[in-house]
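What follows is one structure encoded as structure tokens, with my remarks underneath.
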Amino acid sequence: MTRIVGAGGVGMLVSSRVGLDRAAAQIAESVCRIEVNAAVVVGNDPGRDWSGEIELRMRSDGSIESGVLHAQGGNAIEVVGEQLGHSLSLRAGAGGDAPTVFAGIGRMPIEQCAGAVDGTFADTKSGELGIWTGRFIGRASEDSKPAGEGAIVATPAGTALGSACGEPLSCPDEWMWDEAACACVCQFGLAECGDTCCPEGTICGASGECVCRTPGDERCGGECFSPCTGITFRNPETCNCEDPCAGYSCAPGQELRRSNGQCVCQDLCEEAMGPSWVFCNDMCLDSLTFPSDPNNCGSCGNVCPQNAVCRYAECECQEGHIWCQNFGACIPGDSC
């Protein structure tokens with residue numbers, strides 16, 4: 001056996017198609033076909049995509065003992081796996097060689113062979129990781145064929161065996177009727193998430209809710225945005241990052257901040273040095289010194305005149321001096 005890379009680009013191990021051994025099948029089986037589109041996300045060539053079709057022979061106990069992946073431009077590749085409820089796990093590759101492993105979740109139970117199914121894949125040899133989307137496009141069963149006949153009769157996807165697809169259902173908003181799947185599917189290729197179609201740019205998260213594709217991004221108006229920075233917040237009406245304190249101004253030595261939803265002016269000196277420190281004369285000073293500081297007597301910037309001292313936050317003439325209002329100064333002597 002040799003390793004090949006199909007025109008669509010995913011490398012897998014080639015094997016001959018495993019024949020469907022009807023004689024050995026003791027458990028009821030059905031054959032489903034899935035149309036697959038995939039893209040590499042992590043690896044040597046991110047963004048490279050490929051497409052193909054997977055044919056699965058599913059037993060009623062959930063096991064998938066034989067199946068085939070027809071990668072576009074490549075050969076048939078053996079597939080085994082299992083399905084349980086909405087979950088689908090597949091191994092594509094023959095023998096003990098490194099396989100490509102697929103994991104997916106269907107909108108409808110996998111055994112119904114209907115609706116969309118999406119998931120991730122990993123090439124265990126190259127280390128490539130990627131995402132894939134699929135849609136069931138057909139179903140077949142051998143339950144009703146006469147003994148000895150080998151033909152498998154195909155029925156439309158999503159149809160009960162032996163019945164027609166029936167009249168289209170009335171689909172809710174953002175959904176549309178898919179004739180091939182006989183089911184309501186999301187329009188425009190949007191991701192299905194339970195009963196919801198995720199908006200463009202979002203994916204169905206592990207919690208079952210639509211989340212932004214990039215971790216940390218914020219949803220607003222059905223779109224995803226990078227988070228706002230600093231004190232800005234996202235306006236839910238415009239989805240723009242806005243400054244809640246626009247138009248506010250603070251005194252020198254203060255910084256405008258948002259605290260508990262309110263805009264406040266924070267004293268930088270107090271924050272850095274302590275509660276008694278204030279911004280004065282372009283520097284941080286301890287206001288506890290003001291009662292005796294002749295340059296800031298009682299308050300910042302209150303300078304005592306010549307021949308005066310600051311006592312108890314008031315300017316007083318030195319001993320042997322008298323205050324003369326006419327001169328605006330302390331004059332030696334006892335009279336002006």
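Note the full-extension length gain between Val303 and Asp61 as 0.36 nm times their separation in residues minus their Cα-Cα distance, in nm to one decimal. Before the final figure, lay out each step's value.
On the way: separation 242, 0.36 × 242 = 87.12 nm, distance 9.46 nm.
Computed gain between Val303 and Asp61 is 77.7 nm.
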For Phe136, Phe188, Phe290, Phe233, ascending order of other Cβ atoms within 10 Å (fewest first) is Phe188, Phe233, Phe290, Phe136
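If packing is taken as the average count of other Cβ atoms within 10 Å, what order do 37-47, 239-249 fall into, highest mean first?
Those peptides, ordered most packed to least, come out 37-47, 239-249.
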Counting sequence-distant residues (5 or more places) and residues on other chains, those with an amide H built under 5 Å from that of Cys193 are Cys198
Which whole-number percent of Cα pairs in segment 215-322 have a distance greater than 17 Å?
-> 68 percent
For labels at Thr238 and Arg219 in the simple 7 Å Cα→Cβ model, what's the distance in nm?
-> 2.4 nm
Between the alpha-carbon centers of segment 211-282 and segment 82-111, tell me the distance in whole angstrom.
-> 49 Å
If each part is reduced to its alpha-carbon centroid, segment 115-134 and segment 39-54 end up apart, in Å, by 8 Å
Around Cys250, which amide H atoms from residues at least 5 apart in sequence, or from another chain, sit under 5 Å from its own amide H, with H modelled in the peptide plane?
-> none
Tell me the label-point distance for the pair Leu84, Ser170, using the 7 Å Cα-to-Cβ offset, in nm and rounded to one decimal.
-> 3.8 nm
Kirkwood Rh for segment 234-274 from C-alpha pairs, in Å, is 11.7 Å
Taking neighbour Cβ counts within 10 Å as the exposure measure, how do Met58, Met108 sort from fewest upward?
-> Met108, Met58
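Bear in mind these aren't lab numbers, they're just calculated from the coordinates by the rules spelled out. None of the values given here were measured: they were computed from a predicted structure. Cβ sites come from the backbone with ideal geometry, for glycine too, and all protein chains shown count toward neighbours.
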